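This report concerns only the one structure given below.
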């Protein structure tokens, strides 16, 4: 990717989230920042997942995912999920979480808000799949300010590329 394009993309500020999945055999989480609300009625949002990421196939097959909003006090979640230590099928081992009430997706205890999301549509866009989801259940754990890409020393700009600030 051209350096100027990478800088422009890095300046599109985004929230920092952890998308979690449970397919019965594996419980997995991934750092997620390419997310946006797409409808108010009904309330829908979209999360983009790299087509080569372990979680993508799990979301596609189960039709559900957990969506954990990371607060500033929970930055260690982002640090873990973006690290090499999390690159394994069952990467929630050692983290505090519980399964959501309906869809049984992992809700991280350190997340300020956790959402149980049901996929209603998906679209492939370049090297990512955009999953459009509705919120089935929501848990508000604590008041905090959401962590954003502006709070990090790096920004994911696609593929294996990071832009250091």
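Taken together, the values in this text are just the output of simple stated rules run on the coordinates, not laboratory data. It should be emphasised that the depicted structure is a prediction, and the values quoted were computed from it without experimental measurement. Neighbour counts run over all protein chains shown; Cβ positions are idealised from the backbone, glycine included.
Things worth noting here:
- Radius of gyration, Dmax [the range 72-117; alpha carbons; angstrom]: 11.2, 31
- Here the extension length gained between residue 136 and residue 37 equals 34.1 nm, from 0.36 nm per residue of separation less the Cα-Cα distance.
- The chain, helix-only ellipticity at 222 nm - DSSP H runs n ≥ 4, -39,500 (n - 2.57), divided by all residues, nearest 500: -4000 deg cm²/dmol
- Identified option (computed Cα extents along the principal axes in Å; candidates (1) 44, 33, 33; (2) 43, 33, 29; (3) 64, 27, 20): (1)
- Once the Cβ-Cβ distance of residue 1 and residue 25 is raised to the sixth power relative to R0 = 30 Å, the FRET efficiency obtained is 0.30.
- Remark: 30, 46, 112 ranked as 46, 112, 30, counting other beta-carbon atoms within 10 Å and listing the fewest first.
- Each pair of Cα atoms in the range 22-119 enters the Kirkwood radius, and Stokes-Einstein at 37 °C and 0.692 mPa s then converts it into a translational diffusion coefficient of 236 µm²/s.
- Listed by Cβ neighbour count within 10 Å, with the fewest neighbours leading, 34, 107 appear as 34, 107.
- Among 77, 12, 92, a tally of other beta-carbon atoms within 10 Å of each Cβ gives an order, fewest to most, of 12, 92, 77.
- Rg/Rg_ref, the range 1-53, where Rg_ref = 2.2 N^0.38 Å and atoms are Cα: 1.44
- Taking 0.36 nm per residue of separation and subtracting the current Cα-Cα distance, fully stretching the chain between residue 57 and residue 127 would add 23.8 nm.
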